[in-house]
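Undergrad: Before I ask anything, here is the structure I am working with.
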Amino acid sequence: MEKTEQVQYNRAGQRIVSPDYLLFEAPREKYFMTGSEVVKEAVKRASVDASVSYPITPQSEAAHLIGELWVEGYVGVYFRGESEFGVMSEVAGCSMAGARTVTTTSGPGTLRAMENFPMWAGSRLPIQLILMARGVNAPLTIQPDNLEMAFLLDTGCMIWHAETAQELFDMILAGFVVAEQPDVHVPIITSIDGFFISHTREAVMLPPDDIALPPYDPYRSPMVPLDMEMSPGRFLRDPFVMKSNYVSYATHTSWQFEVRAAIERAKPYAKHYLRGLIEEFGDPEAEIAFVASGTAAAQAKEATLMLLHEEGVKARVVRLKTIRPFPTKELIEALRGAKYVFVPEFNVIGWLEREVRRALYGNLDVPVIGSPRVAGGMTMPPEIIVKEVLQFLGKEVKHVV
Amino acid sequence: MSQPKRRRINVRIPAIGGQGAVTAAHIMATAADHAGYYAVSNPFFGAEKRMAPAESYVRIGVDPIYDRGEVVYPDVIMVFHSQVITMGKSYTMPFYSGIKKDGLIIINTEEDLLTERDHEYLGSINVKILNFPATKFAMEIAGTELATNMAMLGAFFGATQIIGMDSIEEGIKARFLKKFVASGGTQSLDSAIERKFKKKLELIEKNINTAKSAYEVAQEWARDNGMEVWLPKPQEVARV
């Protein structure tokens, strides 16, 4: 019997292809663009139903470009919210109604919307937030600083951290696919360090724009589908809020554990679609190791090359692609043989250093050095990382001009 | 000719708002990318305004580029406006802070703006200085000072000799022919420039001519000063 394959198209007239085809198999062409422009290209290929925006530097352009996609017919619904709090509430409504939903924000916007993130997670809404991190504290900075990511770590959302515009493109597409798995079904925050990616122009490889992800199927949600018979209020109100008894406490508690377990269950999917939860760079035998994510990892890679070529010192980088779920097993495995673990970061508190210490405690006995660390928009030249390492090793620092 | 040792050029472009330093960085990176190099460009991360300090950065190399953000230790500094030096309209003080040895400074000026001490220090680390009247060039060839950035980027490629005019033309065309949104402000500025020039193609032609003349002048200067090509050709370098 001859089998006929039905070709399906989304609302924009793009041919529906499998996530594996879109991410790994489709031919790609080189473009030269910014991280903000790359957000548009990813959302364009993601069969997105709804997006709500609110401007704040440095994500305004990405939000604006998603609006252009709506004009061009690629996004079903798009409007500007009243504030970030409004936006994050409104995208929750869109998601509860069964829409694939994406939004973007930065810094103070993230904090203003904060109440909504644990609500998204508890309601098991696979919303994607593209986070372009920037400084949040006074004295005011609008510049790169990823402190806000620390505040999001325990909201029950997945958190991924892209290093380049290319990775942001791929993560946005993979993010929907992983977040919408029935046994995962939690929000996904795809983060970048604002400006370092959003405003930097670089080469990216993109698949054609006449193909797109399969649309979101809300009936694959592990939650009761919300429709005319099942209103959001019925799910949110009855069991949890109104009944102060042990059953409701137990329900709440077990549900919170379940949300965290769901994030852990994302690991095999994330591993597949991101080609691993971590990336190892440099000499795998080197005693000096950097553990980093996002732009700090990029700077550490540059420093690793500088250490080797200019100082003859071997080093390596273990780059974390996912922060939630945290790749504990992979990290411990990758750090075997390391004598010093440096954690360079773009925030004042060193949240990744804390995470790394927690993961290694009782598993791997190696000194963790939370350095170098910059904040408030400061850049982290590889020369400074090299200097820090050489000083720590008690070697002569000669190469910085 | 021996293979140049340098494998990367990090460029810092101190300018003042409105001169098109971000556009120049974008075109430089696009042109270098077209020629087969790895290239990345970015603006200074902040709020710029007309006549206030503005800065952009370009990294060009034969190996993948991971480094991001402001260029703190540049190989090349391109000063777009004399006020960067004379009025301290610069994010760094002095404007050449961090410059690496054997570097290059291109200054848009008709006269020497540096002090004796500046010359002494820069000479001691073998930094070459090209005083280049880019705005004068722009006025003469394009008929507008708005093409100053084209003259400056032409001078950069002429002095470093890493790519030919064909790639520079591609970079300029890619910037002005394709749809491009840097910000609402830039977009409206673009349309204002376009109205002024009446036709887009005319604008591109004038820009290319400006860049080309500057390229030739700087190339001659580089030869006179015994400067070698700054980077190996991308195709001569085995990809890692």
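Undergrad: Within segment A:362-382, count every residue that is of a type in the set (Val, Ile, Thr) and not in a loop (DSSP other than H, G, I, E, B).
TA: 2
Undergrad: Now for a separate question. Quick one: in segment B:25-57, of everything that is small (Gly, Ala, Ser), within 17 Å of A:GLY377 (Cα to Cα) and within 12 Å of chain A (Cβ to nearest Cβ), which residue is surrounded by the fewest Cβ atoms within 10 Å (Cβ to Cβ)?
TA: B:ALA47
Undergrad: It is to be established whether one or more residues within segment A:303-316 are assigned to a strand (DSSP E or B) and either at pLDDT 95 or above or surrounded by fewer than 22 Cβ atoms within 10 Å (Cβ to Cβ) (or both).
TA: Yes; the residues of segment A:303-316 include at least one that is assigned to a strand (DSSP E or B) and either at pLDDT 95 or above or surrounded by fewer than 22 Cβ atoms within 10 Å (Cβ to Cβ) (or both).
Results for (1) buried (at least 24 other Cβ atoms within 10 Å of the Cβ); (2) within 14 Å of chain B (Cβ to nearest Cβ); (3) in contact with a strand residue (DSSP E or B) (Cβ under 9 Å, 6 or more places away or on another chain), shown as yes or no for each residue.
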{"position": "A:GLU25", "(1), (2), (3)": "no, no, no"}
{"position": "A:TYR31", "(1), (2), (3)": "no, yes, yes"}
{"position": "A:ARG45", "(1), (2), (3)": "yes, no, yes"}
{"position": "A:LEU69", "(1), (2), (3)": "no, yes, yes"}
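Undergrad: Residue check, A:LEU140 against (1) of a type outside the set (Gly, Ala, Ser); (2) more than 24 Å from A:THR295 (Cβ to Cβ); (3) free of Cβ contacts under 8 Å to residues at least 12 places away in the same chain, all met but one. Which one?
TA: With (1) of a type outside the set (Gly, Ala, Ser); (2) more than 24 Å from A:THR295 (Cβ to Cβ); (3) free of Cβ contacts under 8 Å to residues at least 12 places away in the same chain applied to A:LEU140, the lone miss is (2).
Undergrad: Please find, within segment A:96-146, the residue that is nearest to the other protein chains (Cβ to nearest Cβ) out of those that are β-branched (Val, Ile, Thr) and within 22 Å of A:ALA46 (Cβ to Cβ).
TA: A:THR104
Undergrad: Continuing with the same structure: Mind checking which residues of segment A:67-114 are under 19 Å from A:SER36 (Cα atoms) and either within 18 Å of the chain's Cα centre (by Cα) or among the basic types (Lys, Arg) (or both)?
TA: A:ARG80, A:THR101, A:VAL102, A:THR103, A:THR104, A:THR105, A:SER106, A:GLY107, A:PRO108, A:GLY109, A:THR110
Undergrad: Moving on to the next point. Yes or no: segment A:207-220 includes at least one residue that is in contact with a Lys or Arg (Cβ under 6 Å, 6 or more places away or on another chain) and either modelled with pLDDT under 95 or in a strand (DSSP E or B) (or both).
TA: Yes, that holds for at least one residue.
Undergrad: In segment B:58-74, what count of residues is obtained for those that are among the acidic types (Asp, Glu) and either within 16 Å of the chain's Cα centre (by Cα) or more than 8 Å from chain A (Cβ to nearest Cβ) (or both)?
TA: Residues of segment B:58-74 that are among the acidic types (Asp, Glu), as a first pass: B:63, B:67, B:70.
Okay, now just the ones that are also either within 16 Å of the chain's Cα centre (by Cα) or more than 8 Å from chain A (Cβ to nearest Cβ) (or both), so B:70.
The number of residues fulfilling the criteria is 1.
Undergrad: I need a count of the residues in segment B:112-139 that are part of a loop (DSSP other than H, G, I, E, B) and in contact with a helix residue (DSSP H, G or I) (Cβ under 8 Å, 6 or more places away or on another chain).
TA: 2
Undergrad: Continuing with the same structure: Select from segment A:61-86 the residues that are outside any helix (DSSP H, G or I) and small (Gly, Ala, Ser) and write down the one among them that is farthest from A:SER106 (Cα to Cα).
TA: Going through the qualifying residues, I end up with A:GLY73.
Undergrad: Now a separate question. From the list A:GLY73, A:GLY81, which residue is out of contact with any helix residue (DSSP H, G or I) (no Cβ under 9 Å at 6 or more places or on another chain) and surrounded by fewer than 21 Cβ atoms within 10 Å (Cβ to Cβ)?
TA: Of A:GLY73, A:GLY81, the one residue that is out of contact with any helix residue (DSSP H, G or I) (no Cβ under 9 Å at 6 or more places or on another chain) and surrounded by fewer than 21 Cβ atoms within 10 Å (Cβ to Cβ) is A:GLY73.
Each row is one residue, and each column tells you yes or no for (1) touching a residue at least 24 places away in the same chain (Cβ under 8 Å); (2) acidic (Asp, Glu).
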position	(1), (2)
A:GLU355	yes, yes
A:GLY362	no, no
A:ASP365	no, yes
A:ILE385	yes, no
A:VAL389	yes, no
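Undergrad: Between B:ILE125, B:ILE77, which is of a type in the set (Val, Ile, Thr), closer than 21 Å to B:GLN161 by Cα and within 14 Å of chain A (Cβ to nearest Cβ)?
TA: The conditions single out B:ILE77.
Undergrad: Return a yes/no flag: does segment A:299-312 have any residue that is under 15 Å from the mean Cα position of the chain (by Cα) and either within 14 Å of chain B (Cβ to nearest Cβ) or not aliphatic (A, V, I, L, M) (or both). Full working, then the answer.
TA: Here is the first cut: in segment A:299-312, the ones under 15 Å from the mean Cα position of the chain (by Cα) are none.
Among the residues of segment A:299-312, not one is under 15 Å from the mean Cα position of the chain (by Cα) and either within 14 Å of chain B (Cβ to nearest Cβ) or not aliphatic (A, V, I, L, M) (or both), which makes the answer no.
The values are calculated or read from the model by the stated rules, or taken from the named source; none is laboratory data. These figures come from a predicted structure and were not determined experimentally. Cβ coordinates were reconstructed from backbone atoms using ideal geometry, including for glycine residues, and neighbour counts include every protein chain displayed.
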